[in-house]
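The values are calculated or read from the model by the stated rules, or taken from the named source; none is laboratory data. Everything quoted here is computed from the prediction, not taken from an experiment. As a convention, Cβ positions derive from the backbone with ideal geometry for all residues, glycine included, and neighbour counts pool all protein chains shown.
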Amino acid sequence: MTQALRSYSEDRWQEGSGEPRPLLDAATGDEVALLPSAGPDPAAMLAYARTHGGPALRALTFTQRASVLKVLAKHLSGHLDEFAALSARTGATRRDTAVDVDGGIGTLAVYASKGARELPDSTVLADGPVEPLSRGGLFAGRHVLTARLGTAVQINAYNFPVWGMLEKFAPAFLAGMPSVVKPAGPTAYLTELVVRRIIESGLLPEGALSLLCAGPAGLLEALTEQDTLAFTGSAATALKLRTHPAVAGRAVPFNAEADSLNCSILGPDVAPGDPEFTLFVDQVAEEMTVKAGQKCTAIRRILVPEDLEVAVTDALVARLAEVVVGHPAAEGVTMGPLVGLAQRDEVRAAVARLASEAVPVFGDPDVVEVRGADLAHGAFMSPLLLRADSAARAPHEVEAFGPVSTLLTYRTVAEAGEIAARGGGSLAGSIVTADQGIAGGLVTALAPWHGRLLVLNRNNAAESTGHGVAMPQLVHGGPGRAGGGEELGGLRAVRHYLRRTAVQGHPDFLATLA
Ligand code: NAP
């Protein structure tokens, strides 16, 4: 019999209540765990984190917190095999697990190392120099950053059950704030396992990490003025949270990472046979199939010069034809299933909306051959390549959160920039060109609409981290549709959890605050 997931609150594992929901293996449909509909009282969870976790963390300096993260990352690395085995049940191949689990632990390690090198052995962070405010030099001002006194509440999406948690937990912990994590239902069992191993390590102060494995009822209402709220998920949920009376009314700092219709642009300087042509096609195919396209940064819009449409389509179709869909553990499988049947239904519905303005070029949303699994029980889907006219609206408005991408053509570089902007704000964009002038022009045109831009060509491809990988050192987030938030970006993310205060006084005193 499968176990009901438990929540970690007030420094102990607690049973949930209410009718539990079965969480199913993405490939076989077998039950993996049960998710209670209600968890322990969120208000008590947050209160305990505030009164126990907060003071314990604030008693440590930035340097001390960084050294805890370093040991924690090492500890979690020792459990990789166990995490990978459970991750496979979410539909993840080993390559997908590398992005979520290894990537999450790597993010923790980067924050540990940046914290140790770039933050002071102190609990206060000076923000900028002492600013003279008087003629005689006796009076000045300085900004200081101190830990907020609340909890860092983190609501995550199902597609990154490990990375999504650790990329938010690490900067909050460094800043001295206790984290309260609410994973998304479908993959909550993997987050629970990782939290279990974190708690067992005994490395964290009491109350520094809590976990709510249940529905969110009561969580937002428990927020107070010193808390923060970070969210990853759909734009519709982001809107609900942003306008929730507790969030808006108490001015709780809110960060959202939501939908994104990311693009990749092939430069007009590229010809078939150039290294950039192959790089472009390989990257699009990779982004469509890693995690079965359930990646917020995946390429949804493929922009190519008009005269390269046929060549790119042929090359892409050939690459997609090589994809082997099936059980993540089966030999030779290169793309696993979507996380569940409900999510596959949502992707099919989104494809139907796209199909009103786009034609299929490769794949059928209802037909797929699978290896090592029973098609009737797993959430399998073929990669789907669509083609739309540049006047079409749907590719710029509909996010099919699966292995789906739409090819569009452009005539001039300026038009490519305009088409990219129709996405209304994206997390990541890439420009594949060997021409620095074209790259520079597109970076300038795309920057206001993007959180991160990759310029890819033969000179950097060997070491490029790729279009879709959010790097802990760089900002992850995007304007407009993408949620308007910013995560990661090195110590910028730590600062997000600190409170900035302007202190005025004698310059000698202000100098001691550094
Ligand atoms: P979702 O339905 O918006 O859910 C996201 C999280 O919000 C889940 O933990 C969900 O809990 C919770 N939630 C839902 N309603 C809530 C409410 N009223 N109050 C508090 N919490 C609430 O999104 P999803 O289906 O999990 O994720 C897929 C979406 O996430 C895609 O659209 C994708 O674009 C986006 N995404 C964005 C990024 C990014 O970094 N920008 C990354 C990954 C995914 P339950 O699961 O318990 O309902």
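A few notes on this one:
- Of the numbered criteria (1) without any contact (Cβ under 8 Å) to a residue 40 or more places away in the chain; (2) closer than 22 Å to residue 29 by Cβ, the one residue 390 fails is (2).
- Wholly within the stretch 73-164, strands (runs of 3 or more DSSP E) carrying at least 3 residues that are more than 16 Å from the ligand (Cβ to nearest atom): 125-132, 140-147
- Pairing residues of the stretch 229-249 that are over 15 Å from residue 184 (Cβ atoms) and among the basic types (Lys, Arg) with residues that are more than 7 Å from the ligand (Cβ to nearest atom) and assigned to a strand (DSSP E or B), at Cβ distances under 6 Å and at least 6 apart in sequence or on separate chains, gives 242/254.
- With respect to (1) within 16 Å of the ligand (Cβ to nearest atom); (2) of a type outside the set (S, T, N, Q); (3) more than 22 Å from residue 88 (Cα to Cα), the lone exception for residue 384 is condition (1).
- Filter result for residue 131 (over 22 Å from residue 487 (Cα atoms), touching a Cys at 6+ places or on another chain (Cβ under 7 Å) and charged (D, E, K, R)): no
- Failed criterion for residue 103 (all others in (1) out of contact with any Phe, Trp or Tyr (no Cβ under 7 Å at 6 or more places or on another chain); (2) surrounded by fewer than 24 Cβ atoms within 10 Å (Cβ to Cβ); (3) of a type in the set (Gly, Ala, Ser) hold): (1)
- Considering residues of the stretch 348-403 that are among the acidic types (Asp, Glu) and surrounded by fewer than 14 Cβ atoms within 10 Å (Cβ to Cβ) only, the residue nearest to residue 328 (Cα to Cα): 374
- Test: residue in the stretch 38-55 that is at pLDDT 95 or above, among the polar types (S, T, N, Q), assigned to a helix (DSSP H, G or I) and within 25 Å of the chain's Cα centre (by Cα): no
- Verdict on residue 397 being out of contact with any Leu (no Cβ under 6 Å at 6 or more places or on another chain), of a type in the set (Asp, Glu), within 16 Å of the ligand (Cβ to nearest atom) and closer than 30 Å to residue 367 by Cβ: yes
- Residue in the stretch 240-253 that is in the same structural domain as residue 96 (by TED's automatic domain parsing) and touching a Gly at 6+ places or on another chain (Cβ under 8 Å) present: no
- Of the set (1) in contact with a strand residue (DSSP E or B) (Cβ under 7 Å, 6 or more places away or on another chain); (2) away from the ligand (no atom under 16 Å from the Cβ), all apply to residue 45 but (2).
- Hey, residue 122 surrounded by fewer than 21 Cβ atoms within 10 Å (Cβ to Cβ) and farther than 26 Å from residue 32 by Cα or not: yes
- Residue 159 being within 25 Å of residue 492 (Cα to Cα), touching a His at 6+ places or on another chain (Cβ under 8 Å) and touching a residue at least 60 places away in the same chain (Cβ under 8 Å): no
- Per the listing 117, 148, the residue uniquely surrounded by 18 or more Cβ atoms within 10 Å (Cβ to Cβ), of a type in the set (D, E, K, R), in the same structural domain as residue 234 (by TED's automatic domain parsing) and closer than 23 Å to residue 488 by Cβ is 148.
- Assessment of the stretch 309-325 against the conditions (modelled with pLDDT of 95 or more, buried (at least 21 other Cβ atoms within 10 Å of the Cβ), of a type outside the set (Gly, Ala, Ser) and over 29 Å from residue 460 (Cα atoms)) yields at least one matching residue.
- Of the residues making up the stretch 330-354, those that are within 12 Å of the ligand (Cβ to nearest atom) and either touching a Cys at 6+ places or on another chain (Cβ under 9 Å) or assigned to a loop (DSSP other than H, G, I, E, B) (or both) are 338, 339, 340.
- Tally of residues being within 16 Å of the ligand (Cβ to nearest atom) and outside any loop (DSSP other than H, G, I, E, B) across the stretch 251-282: 6
- Checking each residue in the stretch 408-465 for being under 20 Å from residue 396 (Cβ atoms) and charged (D, E, K, R) picks out 411, 415, 418, 422, 452.
- Residue selection: residue 90 satisfies the criterion of being crowded, with 21+ Cβ neighbours inside 10 Å, among the β-branched types (Val, Ile, Thr), closer than 30 Å to residue 329 by Cβ and modelled with pLDDT of 95 or more.
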